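Just below is one structure, and these are the notes that go with it.
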Amino acid sequence: ARALGARRMILDTRGDLVEARALYARLGYEETAPHNDDAYAEHWFSKTLGRPATSP
């Protein structure tokens, strides 16, 4: 995503997917306000991406 110019990743998940929410937190995602109205989305996350690595 970084290499394609993305600056932020967003995702959502259900409340019963406890392991998924723990994984997202471990990977640096922070819980945010809702960003969609998906019937199955109960938790929303966002992560700011750094600049892509450059080749020497």
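Checking the a/c ratio against 1.5 first, then a/b against b/c, what shape does the Cα gyration tensor give for the chain?
It comes out prolate by the Cα gyration axes.
Hey, rough spin-label estimate for ASP38 and ASP16, points 7 angstrom out along Cα→Cβ, what's it come to in nanometres?
1.6
Skip the ligands, DNA and RNA, and give the accessible area per residue of the chain with a 1.4 Å probe, whole Å².
Heavy-atom SASA per residue in the chain reads 82 Å².
Which peptide among 28-35, 39-46 comes first, and what is the full order, when sorted by highest mean count of other Cβ atoms within 10 Å? Don't skip to the end; give the middle numbers.
On the way: 28-35: 12.0, 39-46: 14.2.
Averaged packing, sorted descending, gives the order 39-46, 28-35.
Of all accessible surface on the chain at a 1.4 Å probe, what whole percent is carbon and sulfur?
Carbon and sulfur together cover 52 percent of it.
Counting pairs of alpha carbon atoms under 8 Å apart in space and at least six apart in sequence, what relative contact order in percent does the chain give?
Details: 65 pairs, mean separation 27.8, N = 56.
Over the chain, the number comes to 50 percent.
The values are calculated or read from the model by the stated rules, or taken from the named source; none is laboratory data. Remember, it's a predicted structure, so these values are computed and weren't measured experimentally. Here the Cβ is made from the backbone with ideal geometry for all residues, glycine too, and neighbour counts use every protein chain on show. Please note that ligands, DNA and RNA were not included when accessible areas were found on the heavy atoms of the full protein model with its side chains. Shrake-Rupley method; radii C 1.70, N 1.55, O 1.52, S 1.80 Å.
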